Each structure stands twice: as structure tokens, then as C-alpha cells.
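The values are calculated or read from the model by the stated rules, or taken from the named source; none is laboratory data. The structure presented is a predicted model; accordingly, all values stated were derived computationally and were not measured. All Cβ positions, glycine included, derive from the backbone under ideal geometry; neighbour counts span all protein chains shown. Remember, those area values only see protein heavy atoms, side chains included, never the ligands or the DNA or RNA. Shrake-Rupley method; radii C 1.70, N 1.55, O 1.52, S 1.80 Å.
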Amino acid sequence: MDATTGLPWAAQCAGMAFSAFSLCLVSLAVVLLLVRRWPWCSCHVCRAYLTGSWAKDFTNLGDWYAHLLRESPTGTVHVHVLGLTVTANPSNVEYMLKTNFDNFPKGKAFSAVLGDLLGGGIFNVDGDAWRHQRKMASHELGSVAVRSYAYKIIAQEIDARLMPVLAAAADTATVVDLQDVFRRFAFDTICKISFGLDPGCLEREMPMSKLAAAFDAATRLCAMRGAAASPLMWRAKRLLNVGSERELRDAIKLVDELAAAMIRERRKLGVAGSHDLLSRFMASASDDAVDDKYLRDIVVSFLLAGRDTVSSALTTLFMLLSNNPAVAAAMRAEAAGDDDSSAAVTYEQLKDLHYTHAVLYENMRLFPPVQFDSKFCAAADVLPDGTYVSGGARVMYHPYAMGRMPRIWGADHAEFRPDRWLTGAGGSFVPESLYRYPVFQAGLRVCLGKELAVTEMKAVAVAVVRAFDVEVVGESGTGACAPKFVSGLTASVSGGLPVRIRRENRDCWFQEKKG
């Protein structure tokens, strides 16, 4: 073989050697940075986190945090290896979200974790960008026209898609994954409300949506970034485009492509006279603000807010109702009213269903769709419980743990007891302070879509309970163990929620469950 034919082979070997050398160099740099910057700690909390030994006694990481916070005199603990302070103290929550709000932004480190997915959307920015988007979102979501439009879509989706799917499962005695059904329902609904477009995920054939699948993968992988013991780990993988970071890049690329297609379609249909949120943002924003990147980030933010949270809350609601048939019976009786009518419940009637409202809130007390939320401490501070937080440290308030704190909810904190909320005149629903119950956040960042989300969940819960009995099958149906949650930005039950649907027969069903 002469030099001419050997040259490509030699060049290839040289390239491989250079790649291997580069990889070793990057790995060495990561190791050196870890050694220099890692806050090594051998306390029992840090050891348990790093070794995963907490999993021997607790089903979920959130249950372990709840245990630690119950044991803490202040309701606050430190996880030193993460540079993290975790709190379930309502005074601390109020201080972070209201009293000293400006000192506890999302922070650049948090924005970096979700930046590839959420971009400059409202959930991932601070300062003027956040204020601008919040002002616009508040104006649109507060509109009577938008609320009326949204409820009409919710009612149509329940009647035309959700109920027929459940009826078919009941008539064929088919076990269905109720979590999957609710995710499809919520995805169709939020796409119609937000973009005026229908992906049709809850048709009888249960078609897969590329956008929904890519969005699922992206949120799961972003959550893995946040759980990493050091950001250097995922940053190195992203630099090398390997493993989970390569999968995340592919998922976000698909999300971007499909979001762009949605925006093009919305433009082609026109925005004049349309009530979907994307059209209203397009129409109300100034021309220089409406570029495709800005609209793409709005699309992704609406998907995150409107799909996963609603489907998560509905999934755990029916998991609890399966083990508490008396609660389901009480909801059914309240919705029926005095005449036991089977007519559809109107928007105005939904407002008067205080017991059902209490059931929803009690469900989210135990199983908040967003189990924790992180902020960054801009300048060194002292929380109201006396905890010192250094500048640049992360502070997490934990709604999941807060729902399990006896100092907030009493000795029966672990019980599913909706009537704890019915303390008003005539047994009417009375909300708790959002700083004790930060399921919808609180203070200046309180959820703008709260009323719409509660209305949607209430409408679904009433429609399903009146028509069907839902029995969870498998381990989740025994009530003997806590559900196992998948790591993600919102809570989802590992393995789904397999259920058996039966057309409502209250006497037979109630006796069977009692026995």
C-alpha cells in the first residue's frame, strides 16, 4: 500500500486519537472541578441522598423529605451536597414569595436547567420579562370571553370524548390506564383553549401525538437535570451530546418543530375574533415582540401549565376515590341536587358544589401536581425561622411535604378528609392561606390559571362520578402503599393508573367496597 492510499487511514486514526484525547481532557476537567467545588458532607442527610439509602424506607424522595421536615424543629433542613435548603414552614414560604420576593428569583441556575425547553417563557424568567408576560397573561386569563370560551371547550371535550371512552371501557369490561386517558383529555383541551387547534389524542383509537410524546420526554429529562448532584454532570453530557442530553436535544428539536407548525397554522387561520390564548397574545402584543421564538416559548409554557398539572390532579383524585367510596357517593349526591336530575351541570352550578371543591383541594393537599418549587437566594438572608441562607444558594419550598405536616394540618394530616375544608356557614368551603397550602404557588407568582384549572377538574370529576364507579386495580387500588411517582416537573404515577370502569350502581358498589 502506497502513501496515497494510506493517508485516509492515517488521518482517520489521528482523528480518533484526537477525539479520545479530547474526551479524556474534558473528563479530567470535570473531575478536577468536582473535587474543587463539591460541598462534600458526611452528615446522615447527605449520605442518604448520595447513596440512595433513603429508598429502603420511603417510596418517593418527597416522602423522605416530608419525614425530615416533620422531624425538624423549624420545618427546614439542609442538603449540603446540593447546596439546598428545603422548607415546609409557612412563614418561610410567605417570606420568599411575598415579603422579600425580589431576593428569591428563579435564578440563572434554575433557568439553565429548563432553558432548553421553556426558553424565555413565563415560568423560566425573572424581572421585566416575567412582569411583561404575567401582565399579558393576567389580562387574557381574566377575560370573561376567554373563560366562557374555555368552559365551552371543556364541556364539549367531556361530553364528546372523555365520557364515550370511559363508557366503552365499562361496556367491554376493559382495564384502562386512567392517567393516560386524563393526559390525553387535558392535552386536547389545552391545545384547543390555548391554540385553537385540535390534536385529537382522545379519539376512540387513542392516536399517539408526536408533540405529547416529545414533551413528555423533554420534561422528564429536564427534571433529571434538576436532580443531579452537580450541574457539571449534565453540562458535560450536553457538551459531548451523549446519553440523556442527546435524548433531550432530540425531544426539544421535535417540540420546536411542532410548536412552529402550530404557530404557522394559527397565523394561516388568522387571529381576528379568535378567543384562543395564542391568538389573543398575537393580537395584543406589540409587533416587535411577536417573533416566532417568543410565541414558541408561550406555546410550551401553556402546555406545561395546562396539561400535566390537571391530569396529575385528576389521576390522584380517582385513586383516592376508589379507596373512599363514601366520598364519591357524597359528591354524586351533591351534584344531583334535590331532584336527582341527570342533566349536565352548568358552570354556575359548579360554583355551588362546595363539597366537591373540598374534595379537590384535599386531594391536592396530599398529592400536589407540582410537589416542590425552587428559588435562589440572590443575597445572603435569614428566613423567619432563623435559618441562614448564603447568597447564591438554592431554597426549595415543598408543597408535598407541607400537606403532611401535623403542625399545619393536625394529627390527622395523613387522612383523606375533605370536610376539613368545610368550615364556613352551612358547611361551605373556606380556603386555607396559600402560604400554608402553596399548591398554586402564592404571592406575586400565584398561578394565573388557578380558577380555570379548578373549573376543569371539577367538571371532569362531577361528570365521571355521576356516571361511573372507578375501581383502581393492582397495588394502587389496595390503599396499603403510597403511589410511586416518576421523576418529572409534575407528579405522575409510575406505571400509570389501571382502573376498571363500571356504570354507576351506588348500592351494589358501595356494599362491595365496604365488604
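Details
- Residue in the range 86-143 that is nearest to S433 (Cα to Cα), counting only those that are among the basic types (K, R) and either open to solvent by 30 Å² or more (accessible area, probe 1.4 Å) or assigned to a helix (DSSP H, G or I) (or both): K98
- Answer residue from the range 428-472, given it is open to solvent by less than 40 Å² (accessible area, probe 1.4 Å) and among the hydroxyl-bearing types (S, T, Y) and is farthest from V310 (Cα to Cα) among those: S428
- Scope the range 252-270; condition under 21 Å from L114 (Cβ atoms) and in contact with a helix residue (DSSP H, G or I) (Cβ under 8 Å, 6 or more places away or on another chain); matching residues: I252, L254, V255, D256, L258, A259, A260, M262, I263
- Long-range neighbours under 6 Å by Cβ, at least six apart or interchain, first residue in contact (Cβ under 8 Å) with a residue 60 or more places away in the chain within the range 487-500, second part of a loop (DSSP other than H, G, I, E, B): T490/P369; T490/V370; A491/P369; A491/Q371; V493/P483; P498/V473; P498/G474; R500/V473
- Considering (1) touching a helix residue (DSSP H, G or I) at 6+ places or on another chain (Cβ under 9 Å); (2) in contact (Cβ under 8 Å) with a residue 12 or more places away in the chain, the lone condition that S390 does not fulfil carries the number (1).
- For the range 182-211, filtered to residues that are of a type in the set (A, V, I, L, M) and assigned to a loop (DSSP other than H, G, I, E, B), the residue that is surrounded by the most Cβ atoms within 10 Å (Cβ to Cβ) is L202.
- Residues in the range 350-371 that are open to solvent by 10 Å² or more (accessible area, probe 1.4 Å) and of a type in the set (D, E): D352 only.
- Selected residue (criterion: most open to solvent (accessible area, probe 1.4 Å)) from residues of the range 162-181 that are β-branched (V, I, T) and in a loop (DSSP other than H, G, I, E, B): T172
- Residue match in the range 396-406 (condition: farther than 30 Å from K108 by Cα, loosely packed, with under 14 Cβ neighbours inside 10 Å and over 18 Å from the mean Cα position of the chain (by Cα)): yes
- Looking across the range 237-286 at every residue that is within 17 Å of C222 (Cβ to Cβ), under 25 Å from the mean Cα position of the chain (by Cα) and of a type in the set (D, E, K, R), the one that is surrounded by the most Cβ atoms within 10 Å (Cβ to Cβ) is identified as E245.
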